[in-house]
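Asker: If you scroll down you'll find the structure; I have some questions about it.
The values are calculated or read from the model by the stated rules, or taken from the named source; none is laboratory data. This is a predicted model, so every value here is computed, not measured. Backbone-built Cβ (ideal geometry, glycine too); neighbour counts: all protein chains shown. Accessible surface areas use protein heavy atoms only, side chains included; no ligands, DNA or RNA. Shrake-Rupley method; radii C 1.70, N 1.55, O 1.52, S 1.80 Å.
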Amino acid sequence: MQQRAEQIRRPGKTIAFVPTMGYLHEGHLSLMKHGRKVADCLVASIFVNPAQFGPNEDLSVYPRNPERDMSLAENAGVDILFLPTAQDLYPEGFETYIIQENLPDHLCGLSRPGHFRGVMTIVAKLFNIVKPQVAIFGEKDFQQLAVIRKMTKDLNFDIRITGLPTVRESDGLAMSSRNKFLSQNDRKSALVLYECLTKARARVSRGETDAGEIIKTCETAINSKNDTDVDYIRICDPETLNDLQTIDKPAVMAMAVKVGGTRLIDNILLFPPGTEPG
Ligand code: AMP
């Protein structure tokens, strides 16, 4: 892959890169379709990265379907699909990891210790292998995008990071490879995440500023559904991810909820009156 990247870049061609863990859905494909438009060559990777899973998480059962992924990626315009093995990327004796001071100590980082260390390490490795000029990530993983933007800046990777909006099912559920684990009943309960987020957004746009009140309403709504277990619901500054008590500037509301044992995340931007973009 490194040699291919070198060959592409030598005559001045550009590379766009979409890293994924596979089991592709329309969310992944939207990143790929964007990548297709912004560079000469589009590289995507599929790698279920052991370093970002905790000991009791779903690494061993994470959904996989490489054949289907290959044809979906090809149809989305991917020129090179990079499918390394864990042995390729973490050979015996591997012992260098990337850490970051602040952003990982919020939201998902609190319930998944070491997760962002694993994410940053694999993304940095993939950046060095694929050598893209632009890399594309989803806003669905809001904290991940923030952590990667910061890592890219702090470590001087010469790569433009693009974040793209969350692609949803027609009823609002954020697309995720993990949705496969939801039973029919879980699938119904899971709708409450986006319902809460859109209601919160509407409340803030009408002038509600009390973050605690909004979070409380959401918690009650989520707890009223079958088989749900709130990990966190936070309203924070989109840059620092520090909690906001008063929503007097644009904020992000983010949540992680276990639905029937499957951990789902989602987020939305909140705009107090007069702060909407555009
Ligand atoms: P994953 O395979 O879950 O690691 O995701 C790979 C990339 O796709 C990450 O940048 C995710 O943020 C992005 N992604 C995942 N789900 C969605 C979605 N529903 N909409 C847009 N991007 C997504």
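Asker: Collect the residues in region 257-278 that are assigned to a strand (DSSP E or B) and either in contact with a helix residue (DSSP H, G or I) (Cβ under 6 Å, 6 or more places away or on another chain) or more than 26 Å from Glu101 (Cβ to Cβ) (or both), keeping them in residue-number order. Outline the logic, then answer.
Answerer: Going through region 257-278, the residues assigned to a strand (DSSP E or B) turn out to be 257-259, 262-270.
Across region 257-278, the qualifying residues are Val257, Lys258, Val259, Thr262, Leu264, Asp266, Asn267, Ile268, Leu270.
Asker: Restricting to helices (runs of 4 or more DSSP H) lying wholly in region 85-131: which have 2 or more residues that are touching a Pro at 6+ places or on another chain (Cβ under 8 Å)?
Answerer: Values: elements: 86-89, 107-111, 115-130.
Fully inside region 85-131 and qualifying: 115-130.
Asker: Would you point out the residue of region 23-46, among those that are open to solvent by 60 Å² or more (accessible area, probe 1.4 Å) and away from the ligand (no atom under 14 Å from the Cβ), that is farthest from the chain's Cα centre (by Cα)? Give the steps one after another, and end with the answer.
Answerer: Of all residues in region 23-46, those open to solvent by 60 Å² or more (accessible area, probe 1.4 Å) come to 26, 33, 36-37, 40.
With the extra rule that they be away from the ligand (no atom under 14 Å from the Cβ), the set shrinks to 36-37, 40.
Details: Arg36: 20, Lys37: 21, Asp40: 25 Å.
Checking each candidate, the answer is Asp40.
Asker: Also, I was wondering about something else. Pairs please, first residue from region 166-179 and of a type in the set (Lys, Arg), second anywhere and near the ligand (Cβ under 8 Å from one of its atoms), Cβ atoms under 6 Å, 6+ apart in sequence or on different chains.
Answerer: From region 166-179, the pairs are Arg168/Ala174.
Asker: Pick out the one residue from Ile233, Ile214 that is crowded, with 20+ Cβ neighbours inside 10 Å, in a helix (DSSP H, G or I) and outside the structural domain of Lys150 (by TED's automatic domain parsing). Don't jump to the end; show me each part of the working.
Answerer: Values: Ile233 fails: in a helix (DSSP H, G or I).
The unique qualifying residue is Ile214.
Asker: Something else: Can you list residue pairs whose Cβ atoms sit under 6 Å apart, with the first residue in region 4-31 being on the phi > 0 side of the Ramachandran plot and the second being in a strand (DSSP E or B) and crowded, with 20+ Cβ neighbours inside 10 Å? Count only pairs 6 or more apart in sequence or on different chains.
Answerer: Pairs that qualify, where the first residue is on the phi > 0 side of the Ramachandran plot and the partner is in a strand (DSSP E or B) and crowded, with 20+ Cβ neighbours inside 10 Å, are Gly22/Ile46.
Asker: Which ones in region 67-90 are surrounded by 14 or more Cβ atoms within 10 Å (Cβ to Cβ) and of a type outside the set (A, V, I, L, M)?
Answerer: Asp69, Gly77, Asp79, Phe82, Pro84, Tyr90
Asker: Looking only at region 159-169, how many residues end up being open to solvent by 40 Å² or more (accessible area, probe 1.4 Å), assigned to a strand (DSSP E or B) and within 10 Å of the ligand (Cβ to nearest atom)?
Answerer: Qualifying residue count, region 159-169: 1.
Residue by residue, here is whether (1) at pLDDT 95 or above; (2) away from the ligand (no atom under 13 Å from the Cβ); (3) basic (Lys, Arg) holds:
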| site | (1), (2), (3) |
| --- | --- |
| Phe142 | yes, no, no |
| Lys153 | yes, yes, yes |
| Phe157 | yes, yes, no |
| Asp171 | yes, yes, no |
| Ala174 | yes, no, no |
| Lys180 | yes, no, yes |
| Arg201 | yes, yes, yes |
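Asker: When you go through Lys33, Lys13 one by one, which is the residue that is of a type in the set (D, E, K, R) and not in a loop (DSSP other than H, G, I, E, B)? Please lay out each step first, then the result.
Answerer: On the way: Lys13 fails: not in a loop (DSSP other than H, G, I, E, B).
Among Lys33, Lys13, only Lys33 is of a type in the set (D, E, K, R) and not in a loop (DSSP other than H, G, I, E, B).
Asker: Is there any pair with a first residue in region 263-274 that is closer than 15 Å to Phe142 by Cα and a second that is surrounded by fewer than 18 Cβ atoms within 10 Å (Cβ to Cβ) whose Cβ atoms are under 6 Å apart and which are 6 or more apart or on different chains, and what are they?
Answerer: Hits for this filter: Ile268/Arg201; Leu270/Arg201.
Asker: Please verify whether Thr20 is open to solvent by less than 20 Å² (accessible area, probe 1.4 Å) and either touching a helix residue (DSSP H, G or I) at 6+ places or on another chain (Cβ under 6 Å) or assigned by TED's automatic domain parsing to the domain that holds Thr121 (or both), treating the condition exactly as stated. Before you say what the answer is, go through the steps one by one.
Answerer: Details: open to solvent by less than 20 Å² (accessible area, probe 1.4 Å): yes; either touching a helix residue (DSSP H, G or I) at 6+ places or on another chain (Cβ under 6 Å) or assigned by TED's automatic domain parsing to the domain that holds Thr121 (or both): yes.
Yes; evaluated as a whole, the condition is true for this residue.
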